[in-house]
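S.K.: Structure provided below as structure tokens; questions to follow.
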Amino acid sequence: MYLYNSATHKKEEFKTHTPGRVEMYTCGPTVYHFAHIGNLRSYIMEDVLEKYLRFAGYDVNRVMNITDVGHLSSDADTGEDKMLKGAKRENKTVMDIAKFYTDAFFDDCRKLNIKTPDVVQPATGCIDEYIKIISKLVDTGYAYLAGGNVYFDSSKLERYYIFNDHDEEDLAVGVREGVEEDSNKRNKNDFVLWFTKSKFEDQALKWDSPWGVGYPGWHIECSGISMKYNGEYLDLHCGGVDNAFPHHTNEIAQSESYLGHPWCPHWFHVHHLNDPAGKMSKSKGEFLTVSLLEEKGYDPLAYRWFCLQSHYRKTLVFSWENLDNAAAAYTKLLNRIAALKPEGDVDTAVFDEYREKFLQQVGNDLNTSMAVTAVFDALKAKTNDATKLAIIGEFDKVLSMSLLEKAAALREKAAQAVQSGGGDYVITGEGDPEIDAKVLARYEAKKARNFAEADRIRDELKAQGIEVTDVKGGASWKRI
Ligand SMILES: [Zn+2]
């Protein structure tokens, strides 16, 4: 596989420390609120990446943290504590908030067919790991105590900026609102590893440490959790592009200083979901969640389909119109798959040819739009329906769009509609499940006011020599 590496700014052949095995780490959510669909874009693309790597034959160990302590709202070491903010807003304890929003996050993931990583670790469960790392950093002079807190000394590094040049990364801090300088810091890029004194005196979660009772900084949790479950050599680190600086930069600084050798060679960053006016965030405009999509009548998988259509390194522009288009395309695809007859033997030569092509095309920097195209190509393949279904099922191991399951459900629904009295829409015809499925798809499209799709299906049926007549409570069809 070839994958763009944010650390080297180029597309590279993906290699792992142990051949055939991928140690993969994903920055997880801060569980103080529902997940925004913009954040979920990252998790969708990381899910596709993991599934592609497995599809390509790798054994993957994927680890993710859950930030339930210490994440400050500015992403630097200033601003408000996100967890405390959530607890105050809802008049609950921090742990109640964490539990509630962790469950909500995984509910959203399930609806979007995002697999749960092999290891999910709440940050509060690994305090000993952080203390072990910080102790060594203090002993070796990479960290210092000031004002009751432990800071990482960024001046000890030959190279601190990783993802961009100096000016660009600084700029990212400069534009943040309300950044207050911490006078304990020796250098402006130093960051807190352990707090005992913070402006949050009412911090609910505190632990004993060699530096006093307190709690860890945000960045240390990902290094600690990754080293515990991925080992000393991480192959692939993922996150949203806004995590690159300072979060990932600081993870690299502390991990490599602790380990004394390079830590993670490959960095995968998913770009933003924007609205037509600019970057979306929880703080402005309509708060877009999976639940809101459902309330508005969308299948959450239509959003997944929308994300797959564009490349992870491009900003994706969200609008309801764009989502409508993706939802219509998804429905149309399912109807086409439902019309395939699951009969006959799979032509393994054709199957292998399509699988190999998919592996190559999608393996070019996780080209998901090519993966989408590949499904349509499979529908047009010069082979029998059983082979087409097998190919589509194979591709769906990576896409996770429930293509075969949903198509089978549509076929079943069509079959029920054929039996008189079996549902609210009755189809009478000459007993051909493929035609029945199309007639039902036309009805569903009309019901959804997607008249263009309904007309397209009618024309397609006409081209097959089928005439459909709408009758009360259903439709009847015959060959002409
Ligand atoms: Zn992280």
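The values are calculated or read from the model by the stated rules, or taken from the named source; none is laboratory data. In this text the structure is predicted, and so the values were computed from the model without any measurement. Counting neighbours? That spans all protein chains shown, and the Cβs are built from the backbone with ideal geometry, glycine included.
S.K.: What residue, among those in segment 240-271 that are touching a strand residue (DSSP E or B) at 6+ places or on another chain (Cβ under 6 Å) and within 11 Å of the ligand (Cβ to nearest atom), is nearest to residue 193 (Cα to Cα)?
M.R.: So the residue we want is 250.
S.K.: In segment 385-480, which helices (runs of 4 or more DSSP H) lie fully inside it and hold 1 or more residues that are closer than 22 Å to residue 299 by Cα, in contact with a strand residue (DSSP E or B) (Cβ under 7 Å, 6 or more places away or on another chain) and of a type in the set (Phe, Trp, Tyr)? Before the answer, list the steps.
M.R.: Details: elements: 385-399, 403-418, 433-447, 451-463.
Result: 433-447.
S.K.: Restricting attention to segment 108-131, which residues are in contact (Cβ under 8 Å) with a residue 12 or more places away in the chain and more than 24 Å from residue 236 (Cβ to Cβ)? Lay out the reasoning, then the answer.
M.R.: Residues of segment 108-131 that are in contact (Cβ under 8 Å) with a residue 12 or more places away in the chain, as a first pass: 108-109, 111-115, 117-124, 126-127, 129-131.
The answer is 111, 124, 127, 131.
S.K.: On to the next question. Can you name the number of the only condition in (1) free of Cβ contacts under 8 Å to residues at least 24 places away in the same chain; (2) within 30 Å of residue 50 (Cα to Cα); (3) polar (S, T, N, Q) that residue 387 fails?
M.R.: The failed condition is (1).
S.K.: I'd like to verify a number: residues in segment 14-40 that are away from the ligand (no atom under 16 Å from the Cβ) and part of a loop (DSSP other than H, G, I, E, B), how many? Spell out how you get there, then give the answer.
M.R.: Of all residues in segment 14-40, those away from the ligand (no atom under 16 Å from the Cβ) come to 14-22, 33-34, 36-38, 40.
With the extra rule that they be part of a loop (DSSP other than H, G, I, E, B), the set shrinks to 14-20, 33-34, 36.
Adding up the residues that qualify gives 10.
S.K.: Of everything in segment 1-13, what is free of Cβ contacts under 8 Å to residues at least 12 places away in the same chain and part of a loop (DSSP other than H, G, I, E, B)? Give them in sequence order.
M.R.: 8, 9
S.K.: May I ask you to verify whether residue 43 is farther than 18 Å from residue 363 by Cβ, within 20 Å of the chain's Cα centre (by Cα), assigned to a helix (DSSP H, G or I) and within 16 Å of the ligand (Cβ to nearest atom)? Give the steps one after another, and end with the answer.
M.R.: On the way: farther than 18 Å from residue 363 by Cβ: yes; within 20 Å of the chain's Cα centre (by Cα): yes; assigned to a helix (DSSP H, G or I): yes; within 16 Å of the ligand (Cβ to nearest atom): yes.
Here the answer is yes, as residue 43 does meet what is asked.
S.K.: If you scan segment 202-218, which residues turn out to be within 16 Å of the ligand (Cβ to nearest atom) and part of a loop (DSSP other than H, G, I, E, B)? Even if it seems obvious, please write down each step before you answer.
M.R.: Initially, segment 202-218 is screened for residues within 16 Å of the ligand (Cβ to nearest atom), giving 216-218.
217, the sole residue that qualifies.
S.K.: A further question follows. Out of the residues in segment 201-224 meeting the condition of being closer than 24 Å to residue 91 by Cβ and surrounded by fewer than 16 Cβ atoms within 10 Å (Cβ to Cβ), tell me which one is modelled with the highest pLDDT. Even if it seems obvious, please write down each step before you answer.
M.R.: Step one: filter segment 201-224 for residues closer than 24 Å to residue 91 by Cβ, giving 201-206, 215.
After this cut, where a residue has to be surrounded by fewer than 16 Cβ atoms within 10 Å (Cβ to Cβ) as well, the list is 201-202, 204, 206.
Working: 201: 63, 202: 63, 204: 73, 206: 89.
For segment 201-224, the residue satisfying everything is 206.
S.K.: Also: Taking interchain pairs and intrachain pairs at least six residues apart, which have beta carbon atoms under 6 angstrom, with the first residue in segment 26-48 and under 14 Å from residue 116 (Cα atoms) and the second at pLDDT below 95 and part of a helix (DSSP H, G or I)?
M.R.: 27/243
S.K.: Still on this structure, please answer the following. Among the numbered criteria (1) in a helix (DSSP H, G or I); (2) surrounded by 15 or more Cβ atoms within 10 Å (Cβ to Cβ), which single criterion is violated by residue 366?
M.R.: Among (1) in a helix (DSSP H, G or I); (2) surrounded by 15 or more Cβ atoms within 10 Å (Cβ to Cβ), the lone unmet condition for residue 366 is (1).
S.K.: In addition: Taking into account only those residues within segment 241-298 that are more than 20 Å from residue 82 (Cα to Cα) and aromatic (Phe, Trp, Tyr), which is modelled with the lowest pLDDT?
M.R.: Result: 298.
S.K.: Quick one: what pairs do we get from segment 219-233, first residue near the ligand (Cβ under 8 Å from one of its atoms), second among the acidic types (Asp, Glu), C-beta under 6 Å, 6+ apart or different chains?
M.R.: So the pair list comes out as 219/251; 222/251.
S.K.: Still on this structure, I have one more. Of the residues 303, 312, which single one is at pLDDT 95 or above and in contact with a strand residue (DSSP E or B) (Cβ under 8 Å, 6 or more places away or on another chain)?
M.R.: On the way: 303 fails: in contact with a strand residue (DSSP E or B) (Cβ under 8 Å, 6 or more places away or on another chain).
Result: 312 is the single residue among 303, 312 that is at pLDDT 95 or above and in contact with a strand residue (DSSP E or B) (Cβ under 8 Å, 6 or more places away or on another chain).
S.K.: Within 30 Å of residue 15 (Cα to Cα), in contact (Cβ under 8 Å) with a residue 12 or more places away in the chain and assigned to a helix (DSSP H, G or I) - does that describe any residue in segment 260-274?
M.R.: Initially, segment 260-274 is screened for residues within 30 Å of residue 15 (Cα to Cα), giving 260-273.
Next, from what is left, pick out any that are in contact (Cβ under 8 Å) with a residue 12 or more places away in the chain: 261, 263-273.
Remaining after also requiring assigned to a helix (DSSP H, G or I): none.
Among the residues of segment 260-274, not one is within 30 Å of residue 15 (Cα to Cα), in contact (Cβ under 8 Å) with a residue 12 or more places away in the chain and assigned to a helix (DSSP H, G or I), which makes the answer no.
S.K.: Is it the case that residue 233 is among the hydroxyl-bearing types (Ser, Thr, Tyr) and within 30 Å of residue 217 (Cα to Cα)? I'd like the intermediate steps shown before the answer.
M.R.: Values: among the hydroxyl-bearing types (Ser, Thr, Tyr): yes; within 30 Å of residue 217 (Cα to Cα): yes.
So residue 233 passes the test.
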